[in-house]
Amino acid sequence: MPATVMRDGTKQVRDRQFRSEALRWLPEVTRYAMSLERDEANADDLVQETFLKAYEAWGTYTPGTECRGWLFTICRHTFYRRRRREERQVSYDDPDLEALAAAAVHTSARQGGYADLFTRFDLSDAIDRAIANLPDAFRDVVLLIDVNDQSYEAAAAALGVPIGTVRSRLFRARRLLQEALIAHARDSGLVPASATVQGGSADEPTNAP
Amino acid sequence: MAVVAHWRRMRDTELPRGHLAAQRPQSGGGMAPGMVPGTPMVDCESVMRQLWDYLDGELTSDRMTAIRGHIELCKRCYPQYEFEQSFLAAIAARGQQHSDPQQLRARVSDALRAQGLRDA
């Protein structure tokens, strides 16, 4: 068989594989790109560049492995390169301690009258700002897990870090977001529930410690 | 939609509203009595340590059941569970939908074709 025919056959298989394994994740990559780039036109550019790079690097992808995570990794790296931003290293605490710290944030919210902060007020803009202000490493896990519904394992694969690192960054990021949103509520004069409602709701215990 | 996807992942962690008044939850600080027989007992601190893992559906099914059983009955843990769950729903709702996904698909396909990708 002539070499050109063989090459054509190989390319055909490669292209078919790319279509079936990579292009099927276009909606997920789009959603991820939209969460990185809030502007749709920029997100479109990012998605296109991601798939062009993926096609170019398709030879390095191992068929049958986590293609979505591989694409997310390319997308994230491309995003940072486009922004000329370095992915900063951050220190992180023990995830268990971070999980316990969440209880302290909740206590603070309750004492300030903001126990129902996330159901009573539209915080969309404040949430976007708070996410944008997170250090990149924390923002990455929030966007993958909380906005794009990835598991800890998938996020770890996409970020190239151990699951323990994902957990600790995620829990810290959530605490930072909650603290920022509670501060926003206070600074914006959003009225605490305790100022408008006498006593708790029917569902809420009245003698919780 | 991101919210739907997130809530689908969280569906096993949702508790019915109003159940606390009906089930008379116990004071916090210890084991929650009245749990399903055979369910491993958990205390409040264990629940606090694993609440995020629970809300993310990242625990084993036994552990999910045990923590759910505790939260249903504990008046200290339930408010925090409710607070964290509403926080996660607010964050998940920030996932944006593309206004014209077909147009984007066509654009990406054209770019790939120009790069040499053959049609199926």
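The values are calculated or read from the model by the stated rules, or taken from the named source; none is laboratory data. Values in this document were obtained by computation on a predicted structure and should not be read as measured data. With ideal geometry, Cβ positions are generated from the backbone for all residues, glycine too; neighbour counts draw on all protein chains shown. Note: accessible area is taken over every heavy atom of the protein model, side chains too, but ligands, DNA and RNA are not part of it. Shrake-Rupley method; radii C 1.70, N 1.55, O 1.52, S 1.80 Å.
Spin-label model, A:Arg120 to A:Lys11: label points 7 Å out along the Cα-to-beta-carbon direction sit 6.5 nm apart.
On full extension of the chain, what length is gained from A:Arg83 through A:Arg19, given 0.36 nm per residue of separation minus the C-alpha to C-alpha distance?
Once the chain is fully extended between A:Arg83 and A:Arg19, it gains 20.2 nm.
Summed over both chains, the accessible area lost when A and B associate is about 5200 Å², using a 1.4 Å probe. The calculated FRET efficiency for A:Val161 paired with B:Ala106, based on their beta-carbon distance and R0 = 45 Å, is about 0.80. The phi-based Karplus calculation (6.51 cos²θ - 1.76 cosθ + 1.60; θ = phi - 60°) puts the 3J(HN,Hα) values of the stretch B:54-61 at 5, 5, 8, x, 9, 9, 5, 5 Hz, whole numbers, x for Gly and Pro. Estimate the FRET efficiency between A:Ala41 and B:Ser46 by the formula 1/(1 + (r/R0)^6), using the beta-carbon distance for r and 56 Å for R0, to the nearest 0.05. In this case the efficiency is close to 0.70.
Among B:97-106, B:67-76, A:15-24, sorting by the average number of other beta carbon atoms lying within 10 angstrom of each residue, highest first, gives B:67-76, A:15-24, B:97-106. The distance separating the Cα centre of the stretch A:35-52 from that of the stretch B:73-120 comes to 13 Å.
Using the Cβ-Cβ distance between B:Ser86 and A:Glu66 with R0 set to 22 Å, the FRET efficiency works out to roughly 0.10. Remark: mean inter-chain Cβ contacts per residue of A:143-156 equal 4, using a 10 Å Cβ-Cβ cutoff to other protein chain atoms.
So if the hydrodynamic radius of the stretch A:3-83 is defined as the Kirkwood radius over C-alpha pairs, what does Stokes-Einstein give as its diffusion coefficient at 10 °C and 1.306 mPa s, in µm² per second?
Answer from the Stokes-Einstein relation: 120 µm²/s.
Summarising the label geometry, the points placed 7 Å from Cα in the beta-carbon direction at A:Ala132 and A:Ala57 lie 2.8 nm from one another.
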